[in-house]
Structures are given as C-alpha cells and as structure tokens.
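A.B. asks: Quick one: structure below, then a few questions.
The values are calculated or read from the model by the stated rules, or taken from the named source; none is laboratory data. As the structure is a prediction and not an experimental result, all values here were calculated from the model. Neighbour counts are summed over all protein chains in view; Cβ atoms, including those assigned to glycine, are modelled from backbone coordinates with ideal geometry.
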Amino acid sequence: MALEKVSSILKMADEANTSAIAFNCNDYTMAYSVAAVAEELNKPVIIMLYPADSFQKNCCNISGFAATVRELADKVKVPIGLHLDHCSDFDYILNAIKCGFSSVMYDGSMLPVEENIRLTRRVVDAAHALGADVEAELGHVGFAAQSDQHNLDLYTRPEVAAKFCEETKVDSVAVAIGSAHGVYLETPKLDLERLDEINAATDTPLVLHGGSGIPNDQLEQAFRRGINKFNVGTEYFQLYLDSIREFCSQNPDKGSVLDLPMFVQEKLKAYLRVKMQLSRL
Ligand SMILES: [Zn+2]
C-alpha cells in the first residue's frame with residue numbers, strides 16, 4: 001500500500017491504547033528489514049531518518065531515502081510511515097517534505113517555551129499546508145552519556161503541555177519523562193506519574209525518545225499510559241555494527257561485500273521480530 005500518514009498510525013495506536021514503534025534507519029538494509037518484519041507480523045511501523053547523521057555523514061541522500069521507503073511501503077500490505085527525526089532547520093524541514101517526507105520533527109526543545117511554541121507553530125503552518133505531520137518536543141530529552149535523564153529541570157511540565165499543544169497545533173509531542181538518547185550508564189526509570197499528568201492535560205499523541213535500554217515492563221506501562229510513538233535508534237544501530245563484525249569474523253578471507261546485506265538483514269530481522277511485539281497494534 002502507499003505510504004501511510006504517521007498521524008494515522010498514531011491514531012491507530014491511540015485507539016488500541018498502545019504505541020507504534022519508529023526505527024531510525026540509515027540505508028536500504030535497515031529500512032528493508034523493518035518493512036519486511038512489519039509485513040510478517042502484520043503491524044504498522046514507522047521508518048525514521050536522523051538527518052544530522054544520515055545526510056551529513058553521506059549515509060544516504062534525502063530524496064533517495066524517501067523514494068526507497070515509499071517503494072518498500074508499496075510492496076507490503078501493512079501501513080508504513082516515513083518520518084524525519086530531530087531537525088531544527090526550517091528550510092531543511094521544508095525541503096525534506098518536498099522530497100517525500102510526510103512527517104517531520106521540529107526540535108525546539110532547547111529554546112525557552114515561548115520561542116519553542118512560536119517556531120514550532122511556524123513549521124506546523126508550513127508543513128500542514130503541504131499535507132505533512134509535525135512532531136515537536138516539550139521539555140528536553142538529552143543524552144544518556146551525560147545522565148540527562150536524571151535532570152528534572154529538563155522534564156516536560158504537565159501544566160505547560162496543554163498550552164503548547166493547543167498553540168502549536170502539533171500532531172504529536174515528544175516528552176521528557178526520564179529517558180535519554182544513547183547508551184544508559186544505569187537502568188532508566190520513567191516518571192510514569194508525570195506521563196499520566198501530561199496525558200491528562202492533552203489529547204495530542206505523546207512520543208517517547210531514547211528507547212534503547214528501557215526495560216520492557218516500563219515500556220508496556222508507558223504504552224498504556226499515553227505513549228503512542230516510541231523511537232528506537234541506538235540499539236538498532238549497534239546491532240547493525242555487531243552484525244557486520246560477525247560477518248567479517250566468519251569470513252576472514254573470502255567474504256564478498258555482496259553477501260553482507262542479507263547476512264545483516266537476517267540479524268536485524270531477528271531483533272525486530274522481538275522488539276515489534278512490544279506494540280499491541
Ligand atoms: Zn530523539
């Protein structure tokens with residue numbers, strides 16, 4: 001089927017009282033594996049691209065990646081969404097939409113709230129005019145390496161959430177409730193009571209970033225208590241690299257680069273089969 005709007009997938013998740021899962025991908029092998037397992041498990045899924053890494057480091061090009069995911073979506077019977085992850089550049093975001101990204105994240109989370117509202121609204125107005133969805137961030141999901149998940153000053157304030165969603169008209173909002181990007185130095189503990197308060201304050205679907213390494217029991221709770229989109233990046237990237245290392249160690253002398261993608265895809269698919277079961281979609 002054709003690419004599905006991310007807002008439609010999040011609506012399905014909301015109605016099923018669970019979360020859709022969104023995987024950061026860089027190339028065909030990562031995106032193909034996500035689409036193949038979604039089809040196998042008959043689950044909607046979202047494929048994301050993190051522009052700072054993917055384009056600046058020449059992993060792929062923007063219109064090519066969008067076309068790749070569109071073609072993958074066309075070949076399966078489950079809804080596949082395409083989303084541009086963290087970006088703070090208005091022009092870059094508009095270009096991504098024109099290149100085929102039907103959902104984008106504008107990240108103004110480091111700005112004062114009023115400025116975040118103003119600039120998010122600007123992106124929302126432009127994106128909605130082009131038929132694209134917008135995710136914003138309120139509070140700031142920082143980095144696990146800096147233990148930002150413990151910094152309460154960065155957490156989303158429930159009393160601001162309603163105003164933020166109402167004034168920006170965003171389609172979803174990422175919240176800071178005790179998660180962080182990257183590899184956690186110790187097991188994170190989500191502030192689920194805060195999540196309840198944010199969820200009570202707004203009907204806008206909530207997004208959880210920094211998903212790698214959060215224990216499954218906490219994720220299941222978060223999915224039942226308002227999270228409708230769950231982002232996974234670090235552990236999927238790490239597995240990709242580990243799989244390449246394994247391929248090289250198994251084929252020290254005669255491995256062909258042509259045999260690498262399918263070897264890695266099988267490893268990624270095994271992981272995805274387990275991870276995607278967390279969503280009750
Ligand atoms: Zn993030």
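A.B. asks: Sort out which residues of segment 106-120 are within 16 Å of the ligand (Cβ to nearest atom), within 22 Å of Leu49 (Cβ to Cβ) and buried (at least 18 other Cβ atoms within 10 Å of the Cβ), and write them in order of number.
C.D. replies: The answer is Tyr106, Asp107, Gly108, Ser109, Thr120.
A.B. asks: For Ile214, indicate whether it is of a type in the set (Val, Ile, Thr) and within 17 Å of the chain's Cα centre (by Cα).
C.D. replies: When the stated conditions are applied, Ile214 passes them.
A.B. asks: Out of segment 121-138, which residues are buried (at least 24 other Cβ atoms within 10 Å of the Cβ), in contact with a Lys or Arg (Cβ under 9 Å, 6 or more places away or on another chain) and not hydrophobic (A, V, I, L, M, F, W, C)?
C.D. replies: Asp133, Glu135
A.B. asks: Scan segment 129-172 for residues that are more than 17 Å from the chain's Cα centre (by Cα), among the polar types (S, T, N, Q), closer than 15 Å to Gly108 by Cα and within 16 Å of the ligand (Cβ to nearest atom) and jot them down.
C.D. replies: Once the filter is applied, which keeps residues that are more than 17 Å from the chain's Cα centre (by Cα), among the polar types (S, T, N, Q), closer than 15 Å to Gly108 by Cα and within 16 Å of the ligand (Cβ to nearest atom), segment 129-172 yields only Thr156.
A.B. asks: Can you tell me which residue among Ser63, Ser19, Ser33 is within 16 Å of the ligand (Cβ to nearest atom), hydroxyl-bearing (Ser, Thr, Tyr) and either over 28 Å from Asp91 (Cα atoms) or free of Cβ contacts under 8 Å to residues at least 60 places away in the same chain (or both)?
C.D. replies: Ser19
A.B. asks: Scan Pro188, Pro261 and give me the residue that is within 16 Å of the ligand (Cβ to nearest atom) and over 20 Å from Leu41 (Cβ atoms).
C.D. replies: Just one listed residue meets the conditions, Pro188.
A.B. asks: A further question follows. State which residue is farthest from Asn42 (Cα to Cα) when the search covers only segment 264-277 and only residues that are in contact with a helix residue (DSSP H, G or I) (Cβ under 7 Å, 6 or more places away or on another chain) and surrounded by fewer than 17 Cβ atoms within 10 Å (Cβ to Cβ).
C.D. replies: Of everything passing the filter in segment 264-277, Lys269 is farthest from Asn42 (Cα to Cα).
A.B. asks: May I pose another question? Could you go through segment 76-87 and let me know if any residue there is charged (D, E, K, R) and surrounded by 19 or more Cβ atoms within 10 Å (Cβ to Cβ).
C.D. replies: Yes.
A.B. asks: Another one. Quick check on segment 172-181. Is at least one of its residues surrounded by fewer than 18 Cβ atoms within 10 Å (Cβ to Cβ) and either without any contact (Cβ under 8 Å) to a residue 40 or more places away in the chain or polar (S, T, N, Q) (or both)?
C.D. replies: For segment 172-181, residues surrounded by fewer than 18 Cβ atoms within 10 Å (Cβ to Cβ) and either without any contact (Cβ under 8 Å) to a residue 40 or more places away in the chain or polar (S, T, N, Q) (or both): absent.
A.B. asks: Mind counting the residues in segment 139-171 that are crowded, with 24+ Cβ neighbours inside 10 Å, over 26 Å from Lys98 (Cβ atoms) and hydroxyl-bearing (Ser, Thr, Tyr)?
C.D. replies: Selection size over segment 139-171: 1.
A.B. asks: On the given criteria, is Val175 within 16 Å of the ligand (Cβ to nearest atom) and either modelled with pLDDT under 95 or not acidic (Asp, Glu) (or both)?
C.D. replies: Yes; evaluated as a whole, the condition is true for this residue.
A.B. asks: Also: Within segment 261-281, how many residues turn out to be in a helix (DSSP H, G or I) and either charged (D, E, K, R) or modelled with pLDDT under 95 (or both)?
C.D. replies: 5
A.B. asks: Checking the conditions here, which among Ala222, Ala200 is assigned to a helix (DSSP H, G or I), farther than 18 Å from Met276 by Cβ and away from the ligand (no atom under 14 Å from the Cβ)?
C.D. replies: Ala200
A.B. asks: Residues that are modelled with pLDDT of 95 or more and β-branched (Val, Ile, Thr), at least 1 per element: which helices (runs of 4 or more DSSP H) completely within segment 8-83 meet that?
C.D. replies: Where helices (runs of 4 or more DSSP H) fall fully within segment 8-83 and carry at least 1 residues being modelled with pLDDT of 95 or more and β-branched (Val, Ile, Thr), they are 28-41, 62-75.
A.B. asks: Do any residues in segment 197-213 that are farther than 16 Å from Asn17 by Cα have Cβ atoms under 9 Å from those of residues that are acidic (Asp, Glu) and within 9 Å of the ligand (Cβ to nearest atom), where the two are at least six apart or on different chains, and which pairs are they?
C.D. replies: Close Cβ pairs satisfying both conditions: His209/Asp85; His209/Glu137.
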